[in-house]
Amino acid sequence: MEQFQNFENESPQSQTQSRGKWLLPVSILVAGVMIAGAVVYSTGRNALQQETASSGKASAQRESAPPTFGSGSAENIKPITASDHILGNPEASVKVVEFADTECPFCKRFHLTMQQLIQEYGRNGQVAWVYRHFPLDQIHSKARKEAQATECANELGGNAKFWEYTDRLYEITPSNNNLDLSLLPQIAKEVGLDATKFQTCISGDDRGGKYADHIEEDYQDAVRSGGTGTPYSVVIAPNGQKFPITGAQPYSAVKQIIDTALTLK
Amino acid sequence: MVLRTLKEVFRNYRYVLIALIFAFAIFAFSLWLRNLPLLGNIISSPAFNLLGKLTLFVKLLGGITTNATPFSATLIIAMSTLFGVNVSLILYYLVKRRGVPVKEGVGAAGALSSGLLGVGCASCGSFLLGSILASFGASGLITLLPLQGEEFSILAIILLGLSIYWISKSIQSDKVCAIQ
């Protein structure tokens, strides 16, 4: 009886100790499963999207169906053509297609990261930077007009002026829709464009004026390619493999992806 | 009361480790959330060896400085820390008291869901919230929120704080005999 009472007294404590022993490993496991589950879920979803995109049915859909925000895949990205804005060697092994909004503060930051990468890889023609518009109208109502301004710079001064204008625009804008749009012609003058012709070119509605269709096409391409915010970039390896990068990721991370992409012949 | 509970629980190093593990898991997940397709590609690509994959995962954590405003970064760190503490307290309660703290558990789960909705980039489109609203054709609603979705992270922090308070109260109240 006494023994039984002792057993009764000690049992809950030993049960507690036994549970405590498993607590740490089980916690590590649960935390690991939480992360792995999310990544595996995403891998499966991405693989499915890639599979669908490679079928003829999907390419037919790409032409007709309007893209749904958040359902795209990098595999659907529009091929790079001579009409794109390319900095660096157009025949480069690796191409980084960036979809950006000039009023997004992280695009402003990532612009510097891309400039640094082009400094390093652009000179020997290994990497080219392709710029496409992704104006987020709901939060940056001025972004489309600014995209139009960069297109006007391209029209009046060619690809070199497009990049010069875009660089200066990112330098000047305080971001978050705070750029004074009256500065757009001033930037044009600064980079050596004809101010009068530029003024004529940027006239029109806020949807991008004469470049409305072109900007909208870039926007739809961003959404189809999996863009859900800006900056959104797709690193395209020589063998066609694509690495989608969302956000202004650190230089070291983008550099590692590019270095790896360069090995994929 | 909360401080007393925290002292009691974190006297045992195992609960400190559990809090750190879960806080790190949520911190990492919050930063990786917007790049899940990239992480999927990295995992499945034979071009990255194991070390390369791990290094890149770690480098992407640097996004806390390049891809978040100081305010967003503070919210992510606060949410992760509070979630880690919450898990530790709930496990302590489960082990020591052998009961399931339903209210606190639901509070923590709700807080986490709300927090992850708010994770993203306020000035460049929130990830989960934006996608969810867009699937209902209501992506414009996000512009009605003054912080463009970060309200959900603030709500998460409040809920996690409440959950910690409730569980601390439960842990302490189990030590006294209630007057019948």
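The values are calculated or read from the model by the stated rules, or taken from the named source; none is laboratory data. Since the structure is predicted, the reported quantities are computational estimates derived from the model, not experimental observations. Cβ sites come from the backbone with ideal geometry, for glycine too, and all protein chains shown count toward neighbours. Accessible surface areas use protein heavy atoms only, side chains included; no ligands, DNA or RNA. Shrake-Rupley method; radii C 1.70, N 1.55, O 1.52, S 1.80 Å.
Take peptide B:63-69, look around each residue's Cβ out to 10 angstrom, count Cβ atoms belonging to other protein chains, and average those counts. List each step's numbers first, then the result.
Working: counts 7, 1, 2, 11, 10, 3, 2.
Mean partner shielding for this stretch: 5.
How much accessible surface does B:VAL2 have with a 1.4 Å probe, in Å² rounded to 10?
It works out to around 40 Å².
What distance in nm lies between label points placed 7 Å from Cα along the C-beta direction at A:SER182 and A:SER83?
3.6 nm
With every protein chain left in place, what is the accessible area of A:ASP180 in Å² (1.4 Å probe, nearest 10)?
80 Å²
Under a no-solvent Debye model with one identical scatterer per Cα of region B:1-61, what's log10 I(q)/I(0) at q = 0.20, 0.21, 0.26, 0.28 Å⁻¹?
-0.79, -0.83, -1.04, -1.11
Evaluate E = 1/(1 + (r/R0)^6) for B:LYS53 and B:LYS7, where r is the Cβ-Cβ distance and R0 equals 45 Å; express this FRET efficiency to the nearest 0.05.
With R0 = 45 Å, the Cβ-Cβ based efficiency is 0.70.
Chains A and B: buried accessible surface, both sides, probe 1.4 Å, rounded to 100 Å²?
So the total buried area for this chain pair works out to about 4300 Å².
What is the spin-label model distance, in nm, from B:ILE158 to B:ILE64 if the labels are put 7 Å beyond Cα along the C-beta direction?
In this crude label model, B:ILE158 to B:ILE64 measures out at 2.5 nm.
Roughly how many Å² of B:LYS7 are accessible to a 1.4 Å probe, to the nearest 10?
150 Å²
Under the Kirkwood approximation for Rh and a Cα-based Rg, what ratio Rg/Rh is obtained for region A:110-264?
Here the Rg-to-Rh quotient is 0.98.
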